[in-house]
Structure formats: structure tokens, C-alpha cells
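The values are calculated or read from the model by the stated rules, or taken from the named source; none is laboratory data. Note that the coordinates shown come from a computational prediction; the quantities given were computed from them, not determined experimentally. Here the Cβ positions follow ideal geometry from the backbone for every residue, glycine too, while neighbour counts run over all protein chains shown.
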Amino acid sequence: MNKNDWYNTESWYAPRQEEAPAAAEKPKKKKGLKPWHIGAILGLLVVLIVATSLIFSGSGGKSPADDRQRGDSETLPDDWAEFFKNYYTGVETDIAEINIPRGDLCPDFELTLAPPAEELDLQELYERCADSIVAITAYTDGSAGYFWGTGVIISEDGLILTNTHVIDDCDSATVTLYDDRSFEATLVGADSFSDLAVLKIDADGLPTAVFGESSDLAVGERVAAIGNPLGQTFRSTLTDGIISAIERGINYNGHSMTLLQTNTAINEGNSGGALFNMSGQVIGITNMKMMSSYSSIEGIGFAIPSATVRGVVNSIVKYGEVRGRPAIGITVGGIPENAASRYELPEGLYVSAVTPGTDAEAKGVLEGDIITEVNHTPVKTTTDVNDIKNGLQVGDTMLFTIWRDGEILEIEVQLMDQNDVYGG
């Protein structure tokens, strides 16, 4: 995670929900203020006012958060390697560990995308789609708490789609349907890189969601989300908004993802829920939002496009994992403008990690390299690289033009299966 950014991405599963205490604590009585209390408070206020004025006079009237957001060049260290060492931290690729009992594979199932259909109003959309949305409660053995999220019914016989992070590090999961029936779930398979997982419950005749083409979306198009924000009380909440951006490149826990951006209101617990077009078709699975420790952020949420969901789900139900997905074995990130200017660095992507055992490592790609071109095409974002990589197959090669301490190198790297690179 880039700790110098003023924002960060957070997944939406709720923090572990603790069991309610057996009895509420008795409220403490309010005590009246004595004269010496009032004098002490007034003295403290004077000190705070003086200290605040000194702080702001020394920073030109800007708070420390303003400096973090602006990223002034004069605050950067002299050594650019030191800057990036601190700028890119926590870049390890995080693989989910899920101990939920495995269920049978479903090789005959196939998730398909429906053609465009007539538009609905929000009341019609909710009436038609809400029953295909479920609540997921995931537990870790030995703990009184639980994780809370959302899922989407994708087959009448109980296949449930959700986010991998909802069930990460969990030993069991319960699925609660629209009619309040609950079922213990088994795990068909999960994929950390797409943040998609498929559960199975023993049920029949369930209402299923219809999936539409995310590739048909345009910025400004109306969408709606149904999910379970903040816990049991707000199950089956409907919110609406628009598509704010398409193919937004996001790096999360070492994974490069290409997501839909929306201003639809979504909160903790919405993870794994559906983002619908106005025909009531699922065009995304909500999984991420922007949050900040320094500034208020509203209306910047993300969803996994249905075009991605289709391929991942169909591989999971057939093999229990995603196979044949090419991987390079490097973690890259953008170069901030202030750093590029301060250190006179070329435009490109900074290599913050190289995975051991990959062809990238064997061919000599190093942490600290700056990739300026891939297959002779300039690259500035992770999406630029992914677009090239995703058009290739395992065993194909990519030619990297690399800037290393003022020297230009060309290194050809063979793509490997992502499961072989990261272990699943």
C-alpha cells in the first residue's frame, strides 16, 4: 500500500462483529464542575489556541494533511531509492487463506451474459432483483466475532457468488436468503486476484440474478446496488447512482485490478453484492471503496466488471481455481509527479517487487527498475501493462524497456501461470 497517498483503498467487509455484552453497563452520573475545574479548562484552551496559531503560522496556514496531499518536492529525501522504499510499502501479493470445507465442483454450470433489455424504474428493479441477494456470515474458529458480507445467487441449486475477502481467514460460512432461511455453505473455489469466490448451499428453486454486459456501459449511465451494509439491521438496502469511470486501474494488496467506478452509496458489508444496470442485470460485483485518514471521501466506490466475473466464475466452478491466467511476477506502481520532477526520472512504472522463481527474476528484472515501455508501447499505469498482458497467453513473452540508473535496458520475460507464480 502506498502510505504517502492521502487516500487508501479498503475492502468492505465489516470489522469483526463482537458478541453483545450480557448486560449494558450502568451509565455514570454526571458530576458538577468546581471553580478550579473551570480555571484549569480555560488555561488549557489558551495553551491550545497559542499552539495552534504557531503551528499554522509555520506552515503557511496549511495543516500537515495538506502537505501530505500536495506532496511538496522540498519535503522529499535526497535519495530517490529511499523515497520509493518508503512510498511503496506492503506490496506483497496477498493470497487468501480459507478453511471453509470444500464442496463439489460444478463443471456443467456456465455463467452467461444476457443481451440488453428494457429499462426498469427503481421500484421495479428492486422487486425483481432483491431476492437474488443474500447475506453471508463468516466465522473464524475460536473467536466470538464474525465477518459480514453480501452474495449473489447465480444458480437455482445454490451457487453463491461473493468476494474472496469476505471469507478470507474463515473456517465456516452461513448464507441467509431473502426469506430468512439459513444454510451452511461449502467452498467451491476462491480467487484472490479477482477477489471473487463461489460458495454452495444445499437448496433448490432459488431466484437467480441475471448478468449483463459490462462492456456496454458508458460513463454517466445510471446503476443501482443492492447489498447488506453495516450488518443485519440494514439487509437488502437499495442505493443508486451512475457509472463514474470505466476500466479504472487499482492496485490493492499487490493485485492489479481493472474496475468500474461508481458514486453509488456503498458501505462495509456491501462486499460481494450486485451493481445493476437499469434493466436489472448485474454488471458488477461491489468490492472496494476509497477511504482516507486525512480527508472526507464520498461517492468513490468500485465494482468488478461482469466481463471479468464471467471468466473467473466459469473457471472456479470447473476447476476450483482460475487456470491459464498469465502473470509476469512483478509488482509495479506509478511515479508521482513531484518525485519524477525532483529526481529527474522518466515516465513509467516503478518496480517495487519481483517474485522469486519467476522468469522476470531469472532474466534480471530488479526492484527499483523503471519500466518505460512494454512491447515498444509507452506505459504509465498498471492498466497499460495489464491491457498488453491480458491479450497474451501463458508461455508468450513481453519485452520490457527498463530505465536503471540512467541506463536503458531491454529484457524479454516469459509469462507464467498465475497459480505457479503466486501459489493460488
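Let's see how each residue does on (1) surrounded by 14 or more Cβ atoms within 10 Å (Cβ to Cβ); (2) not basic (Lys, Arg):
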residue	(1), (2)
Leu206	yes, yes
Gly212	yes, yes
Val219	no, yes
Arg235	yes, no
Gly241	yes, yes
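Reported count of residues in segment 245-284, each being of a type in the set (Gly, Ala, Ser), modelled with pLDDT of 85 or more and either buried (at least 19 other Cβ atoms within 10 Å of the Cβ) or closer than 16 Å to Ala209 by Cβ (or both), is 8.
I'm trying to understand the selection: among the residues of segment 154-182, which are closer than 17 Å to Arg235 by Cα and more than 23 Å from the chain's Cα centre (by Cα)? Once the filter is applied, which keeps residues that are closer than 17 Å to Arg235 by Cα and more than 23 Å from the chain's Cα centre (by Cα), segment 154-182 yields Thr176, Leu177, Tyr178, Asp179, Asp180, Arg181, Ser182. Among the residues making up segment 181-220, those that are in a loop (DSSP other than H, G, I, E, B) and more than 18 Å from Gly273 (Cβ to Cβ) are Arg181, Ser192, Phe193, Asp202, Ala203, Asp204, Gly205, Glu213, Ala218, Val219, Gly220. The listed residues are Thr308, Thr331, and the only one of them that is under 17 Å from the mean Cα position of the chain (by Cα), among the hydroxyl-bearing types (Ser, Thr, Tyr), buried (at least 17 other Cβ atoms within 10 Å of the Cβ) and closer than 30 Å to Ala81 by Cα turns out to be Thr331.
Quick grid of which residues meet (1) of a type in the set (A, V, I, L, M); (2) in the same structural domain as Asn163 (by TED's automatic domain parsing); (3) farther than 16 Å from Thr382 by Cβ:
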{"residue": "Ile300", "(1), (2), (3)": "yes, yes, yes"}
{"residue": "Ala303", "(1), (2), (3)": "yes, yes, yes"}
{"residue": "Val313", "(1), (2), (3)": "yes, yes, yes"}
{"residue": "Val332", "(1), (2), (3)": "yes, no, no"}
{"residue": "Ile335", "(1), (2), (3)": "yes, no, no"}
{"residue": "Arg342", "(1), (2), (3)": "no, no, yes"}
{"residue": "Glu347", "(1), (2), (3)": "no, no, no"}
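Against the test of being of a type in the set (A, V, I, L, M), without any contact (Cβ under 8 Å) to a residue 24 or more places away in the chain and not in a helix (DSSP H, G or I), the options Ile242, Ile246 yield a single qualifying residue, Ile242.
May I ask you to say which residue of Val175, Val152, Val223, Val134 is closer than 16 Å to Leu111 by Cα and modelled with pLDDT of 95 or more?
Step by step, each of Val175, Val152, Val223, Val134 is checked, and only Val152 is closer than 16 Å to Leu111 by Cα and modelled with pLDDT of 95 or more.
Among the residues making up segment 335-367, those that are surrounded by fewer than 19 Cβ atoms within 10 Å (Cβ to Cβ) and among the small types (Gly, Ala, Ser) are Ala340, Ser341, Ala353, Gly357, Ala362, Gly364.
The residue list Val198, Val188 contains one member that is touching a residue at least 12 places away in the same chain (Cβ under 8 Å), among the aliphatic types (A, V, I, L, M), out of contact with any Ser or Thr (no Cβ under 9 Å at 6 or more places or on another chain) and not assigned by TED's automatic domain parsing to the domain that holds Thr383, which is Val188.
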